[in-house]
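Engineer: Just passing along the structure, written as structure tokens.
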Amino acid sequence: MTASASQAPPSPDPLRSPLLDMQDIQISFGGVPALRGANLSVAAGEVHALIGQNGAGKSTMIKILTGAYRRTGGSVRFEGREIDFRSPKAAREAGISTIYQEINLVPFRSVAENIFLGREPRRFGLIDWRTVQRRAAELLESFGLQVDVKKPAGSYSTAIQQMVALARAVSADAKMVIMDESTSSLDEREVELLFTVVRKLRDDGRAVIFVSHRLDELYALCDRVTVMRDGQTVAQSTMADMDKRQLVTTMLGRTLAAVVEGDTAEREVHLARRGEAAISVRKVGARPLVNDVSLDVHRGEAVGLAGLLGSGRTETMRLMFGADPLERGTVEIGGETVALKSPQDAIARGLAYLTEDRKGDGIVPELSVRDNLTLVCLRTLAKHGIVDRKQQQAIVERFVASLGIKLRSPDQPIRELSGGNQQKVLLARWLAAQPTLLLLDEPTRGIDVGAKADVAKIVRDLRDAGLAVLLSASELEELTAVADRAVVIRDGRTVAELNGAAMSETAIMDAIAWGSEGQSALAEAVDAAHPEDSRHGS
Ligand code: ADP
Ligand code: MG
């Protein structure tokens, strides 16, 4: 900004002297820029939402602020002074407390000890335990909480533990409290309780940075918002000046005019031709993330499961696959109500589930491509515990050819393959088990553009071959390119079903933003859309 303040346009930022001012922050990992000029300004006495898609750079921004990472460019001012914390401890001592989802309490120590750990009041050089306990109890009472502060912190729920962490921040007189996705594992009642405490911190004049993907939470709690995308800050605004649709479109980086629609006519043809329902999910729920989800997937169709991160997509798929127990609702597979006890049960009924976490629960890095590929079908290949090598080789060759997997040799460890080729091997692993229903969670995440196109084509071919496919993708463009229709979930509830020509990125974003507002009983709406299963086709 130039010297002449009178000529400068009015600042869009209502903050004259923010508590925290991060400007033009830069950092790279292994030569890849993660932050490319990101800004964040937060005032005392506000709850500030920091939002953006997975990988946008929110946590990196926070880690730079708290001294966990060192920035390579940009400036950070806290209380008007340029700062560069060398460690999280230095940040804490300057008054910045961070509360992560995995809470950093010592579980076997008492609640009281955790609140004052390292800062215990002393008398004659000795820790004054009675005062520790009294002050801890008083603090939690001021939050409206009655807990036995002598009990181990680990004996309480995540929600209570978070409040203990907040009490710790207050007792340390933190000026700023950062909550990075700390509500994602809480249920609605616990979130409400936590919000009461957060509002109290704000009213005491502290600043709170709140990272969450749940839109309703943001509007219920936050005063202002910073939106990040691809390592940059793309919007800063008051919550009141940004409606949900603007928030979602800014986050996803799509202007509505630029939205390209898929081939709607083709979708209608697929839907008209689809076969019977391979799976019918009705009003299922399981705490904390799935509240009320209903959906069907028919043979010969690809259904997109849309929703923001944290909306319950993965958890819904896990319920469908028997990986988590169902608390409410019913699942029908092939017209029969089933109670899946395990993924093995689901596999036996023709289900396959490609998880979003390729590295965590997908590949076995040290095993060969061959062994990775045949991991699921191995049981049928093994007679009397002995694997039929010839048959195994034939399966591997068939899928390497049909999916275009690029490798040196099937004996090569899978970790040596590119992400896209690893993903194809995992897909082949499931296809080799000859499933009727494929659950694909973010099948194109983290793979290069060419591999993305390949995977999309494979999925379309499988659908055309009569498989039932349910797939999630955070990129709506990728979802609408493959799916014939979309089921939108928000906060663990089915809020819309958009079929064929009615499915567009705009319509999905509207559903994500507005959900079922104005609509009631949406499970009924889903039921009404399927008065009876169509039995034609295949
Ligand atoms: P968000 O919290 O918004 O989901 P992150 O800040 O975690 O996003 O990540 C932003 C980008 O920085 C991602 O591309 C991520 O892969 C990368 N990144 C973050 N931390 C590291 C790290 N320690 N090493 C390599 N890459 C990282
Ligand atoms: Mg993060």
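Engineer: What are the aspartates and glutamates whose alpha-carbon lies under 20 Å from the alpha-carbon of Lys390, with same-chain residues fewer than 8 places away excluded?
Structural biologist: Straight-line reach from Lys390, under 20 Å: Asp371, Asp411.
Engineer: In a shell of Cβ-Cβ distance under 14 Å around Tyr353, excluding Tyr353 itself, what net charge do Lys and Arg (+1) and Asp and Glu (-1) give?
Structural biologist: Around Tyr353, the charge tally is -3.
Engineer: Taking a threshold of 30 Å on the Cα-Cα distance, which of the pairs Lys244/Lys341; Lys341/Lys457; Lys150/Lys175 fall above it?
Structural biologist: Lys244/Lys341; Lys341/Lys457
Engineer: Which shape class applies to region 19-242: rounded if a/c is under 1.5, otherwise prolate when a/b exceeds b/c and oblate if not, where a ≥ b ≥ c are the square roots of the Cα gyration tensor eigenvalues?
Structural biologist: Prolate shape, in that a/c is at least 1.5 and a/b is the bigger ratio.
Engineer: If each residue's Cβ is checked for other Cβ atoms within 10 Å, how do Phe321, Phe108 rank with the fewest at the top?
Structural biologist: Phe108, Phe321
Engineer: How large is the convex hull of the C-alpha atoms of the chain per residue, in Å³?
Structural biologist: 191 Å³
Engineer: Okay, moving on. Name the lysines eligible as straight-distance cross-link partners of Lys151: C-alpha to C-alpha under 27 Å, and not fewer than 8 places from it in the same chain.
Structural biologist: Within the straight-line limit of under 27 Å, Lys151 reaches these lysines: Lys89, Lys200.
Engineer: Residue separation times 0.36 nm, minus the C-alpha to C-alpha distance between Gln246 and Arg77: what's the value?
Structural biologist: The Gln246-Arg77 span can extend by a further 57.9 nm.
Engineer: Given axes a ≥ b ≥ c from the Cα gyration tensor, I'd like to know whether region 61-164 is rounded (a/c under 1.5), prolate (a/b larger than b/c) or oblate.
Structural biologist: Cα axes put region 61-164 in the prolate bin.
Engineer: Follow-up. What's the local net charge at Gln26, with K and R +1, D and E -1, over the other residues with C-beta under 9 Å away?
Structural biologist: Counting the neighbours of Gln26, the net charge comes to +1.
Engineer: Taking the mean number of other Cβ atoms within 10 Å as a proxy for protection, how do you rank 368-374, 69-75 from highest to lowest?
Structural biologist: Most protected by this proxy first, the peptides run 368-374, 69-75.
Engineer: Need the C-alpha centroid separation for region 46-77 versus region 327-346, integer Å.
Structural biologist: Here the two parts' Cα centres lie 43 Å apart.
Engineer: Moving to a separate point now. Sort the following peptides by mean Cβ neighbour count (other Cβ atoms within 10 Å, averaged over residues), highest first: 428-436, 468-476, 455-463.
Structural biologist: Going by the mean number of other Cβ atoms within 10 Å, highest first, we get 468-476, 428-436, 455-463.
Engineer: Would you list, by chain and number, the aspartates and glutamates whose Cα falls below 13 Å from the Cα of Lys58, excluding same-chain residues fewer than 8 positions away?
Structural biologist: Qualifying aspartates and glutamates at Cα under 13 Å: Asp180, Glu181, Asp230.
A short reminder: the numbers here are calculations on the coordinates, not readings from a lab. Treat the numbers as computed from the prediction; the structure is a model and nothing was measured. Glycine gets a Cβ as well: all are built from the backbone with ideal geometry, and neighbour counts include every protein chain shown.
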